[in-house]
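Have a look at the structure below before the remarks.
The values are calculated or read from the model by the stated rules, or taken from the named source; none is laboratory data. Since the structure is predicted, the reported quantities are computational estimates derived from the model, not experimental observations. Glycine also receives a Cβ, built like all others from the backbone with ideal geometry; neighbour counts cover every protein chain displayed. When the accessible area is computed, the model is the full protein with side chains, heavy atoms only, and any ligands, DNA or RNA have been set aside. Shrake-Rupley method; radii C 1.70, N 1.55, O 1.52, S 1.80 Å.
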Amino acid sequence: MKGNFPLSKWERLQTPFYYYDTELLRNTLDTVKAASEKYNYHVHYAVKANANSRILSIVREYGMGADCVSGGEIQAALEAGFPPEKIVFAGVGKADWEINLGLEHNILCFNVESIPELEVINELAQAKEKIASVALRINPEIDAHTHSFITTGIKENKFGINLDQLDKVLDRLTELPYIKLIGLHFHIGSQVLDMKPFKKLCSRVKEIQQQLAKRDVAVEHINFGGGLGIDYDHPNREPIPDFETYFEVFHKHFAAAPNQQIHFEPGRSIVAQCGSLISRVLYVKEGSEKKFAILDAGFTDLIRPALYDAYHKIENLSSDEKKETYDVVGPICESSDCFVKDMELNKAHRGDWIAIRSAGAYGEIMASQYNCRSLPKAYFSDLL
Ligand code: LLP
């Protein structure tokens, strides 16, 4: 089954471009909202997945907070109207100006990853005569069994405070008067479809809380990060990820203390399925061993296949002719500029419309201008 796209409205548009189905985005947001509110969970949209200003404004309408990893993301979130008290700021390397920006806006908290970072935040907060609220990002040492580039919670990753260092960090915290510890933060990886690692995370967080209790430390906020995956093989089958089951796992396996707030930072699961990269076939090239469908989109528009060997479903929207086998490639002067090898596609012709599906997350935002190419534009189903 192919997606349903309004080709007639696209004739005047220059390809490649991102096309966002705002009805699907809104339905997804309704689902997240209902599923999280059931347990009083707080959701902060992970801006890194897609910071398109219209997408941010739509997400903001649903009352979510924002999970930011740079000063630029904080600015984008503020411009889209996210309230500062719902902004969390993570990242292993926060620059001074980024910390100052967070302090000036009194964001909810800094997710801190090391003692040197705590010391810098303490110093910058002191200069502003403010108390910075922080959550410790702890590396829970749980393998989410996802792509090695997007696994974040195992011991060797650069992310988070290792469990065996936690006591040292807590000791140092007692000496930093401009820091207030309000929470713990975790994130085990992205595109996680198996719920077992999330269950393990719940047990690990319980253990850590017990460790903290021995020192009389209790935290008000637990943030389980993001990571829920989506179905790249069948974007139309269940376009809205199963948020009910996801949140239920945490509800069943983690009992929050009274007055404790539980937070999540989904990115991909909210925006991936509503976006497609739309392109046209420039040439069909018959090599001696392979047939290539050469698109006007390349890895500058969507880098996930080249960078992570990620699979995106590709559809020829213009043809119902018998399927043929193609390598679907872009125009960029690198062999890695290939969206997929040996894919069955309805027979392709110059000018055919091609949809590269499930590209709403980590698509437009990771675009580059390599080869002096233009950044892809974005169009929305409700504004065409
Ligand atoms: N919170 C933290 C601390 C994160 O590092 C991430 C993603 C998220 C939340 C959101 O995770 P999500 O719900 O989207 O899985 N560019 C890669 C994905 C990188 C994810 C980085 N961190 C890709 O295209 O697959």
Name the pairs whose Cβ atoms lie under 8 Å apart, with the first residue in the stretch 7-22 and of a type in the set (Lys, Arg), the second at pLDDT below 95 and open to solvent by 60 Å² or more (accessible area, probe 1.4 Å), and 6 or more positions between them or separate chains? none
Could you tell me whether Val249 is open to solvent by less than 40 Å² (accessible area, probe 1.4 Å), part of a loop (DSSP other than H, G, I, E, B) and in contact (Cβ under 8 Å) with a residue 12 or more places away in the chain? no
Of all strands (runs of 3 or more DSSP E) fully inside the stretch 274-322, the set with 1 or more residues that are over 15 Å from Trp353 (Cα atoms) and within 16 Å of the ligand (Cβ to nearest atom) is 275-286
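Restricting attention to the stretch 84-94, and to residues there that are at pLDDT 95 or above and either open to solvent by 40 Å² or more (accessible area, probe 1.4 Å) or in a helix (DSSP H, G or I) (or both), which single residue is farthest from His42 (Cα to Cα)? Outline the logic, then answer.
Filtering the stretch 84-94 down to residues at pLDDT 95 or above leaves 84-90, 93-94.
Subset that is either open to solvent by 40 Å² or more (accessible area, probe 1.4 Å) or in a helix (DSSP H, G or I) (or both): 84-86, 93.
Values: Pro84: 14, Glu85: 12, Lys86: 9, Gly93: 25 Å.
My answer is Gly93.
Please go through the stretch 95-131 and pick out each residue that is open to solvent by less than 30 Å² (accessible area, probe 1.4 Å), in a helix (DSSP H, G or I), touching a residue at least 40 places away in the same chain (Cβ under 8 Å) and closer than 14 Å to Val169 by Cβ. Give the derivation first.
Initially, the stretch 95-131 is screened for residues open to solvent by less than 30 Å² (accessible area, probe 1.4 Å), giving 98-99, 101-103, 107, 109-113, 117-118, 121-122, 124-125.
Right, trim to in a helix (DSSP H, G or I) and you get 98-99, 101-103, 117-118, 121-122, 124-125.
After this cut, where a residue has to be touching a residue at least 40 places away in the same chain (Cβ under 8 Å) as well, the list is 118, 121-122, 125.
Result: Leu118, Ile121, Asn122.
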Any idea which residue in the stretch 30-50 is nearest to the ligand (Cβ to nearest atom), counting only those that are part of a loop (DSSP other than H, G, I, E, B) and not basic (Lys, Arg)? Asn50
Apart from one, (1) within 16 Å of the ligand (Cβ to nearest atom); (2) over 20 Å from the mean Cα position of the chain (by Cα); (3) not in a helix (DSSP H, G or I) all hold for Val205; the odd one out is (3)
Considering the stretch 210-246, residues that are in contact with a Gly (Cβ under 7 Å, 6 or more places away or on another chain) and part of a strand (DSSP E or B), and then whichever is surrounded by the most Cβ atoms within 10 Å (Cβ to Cβ), we arrive at Asn223
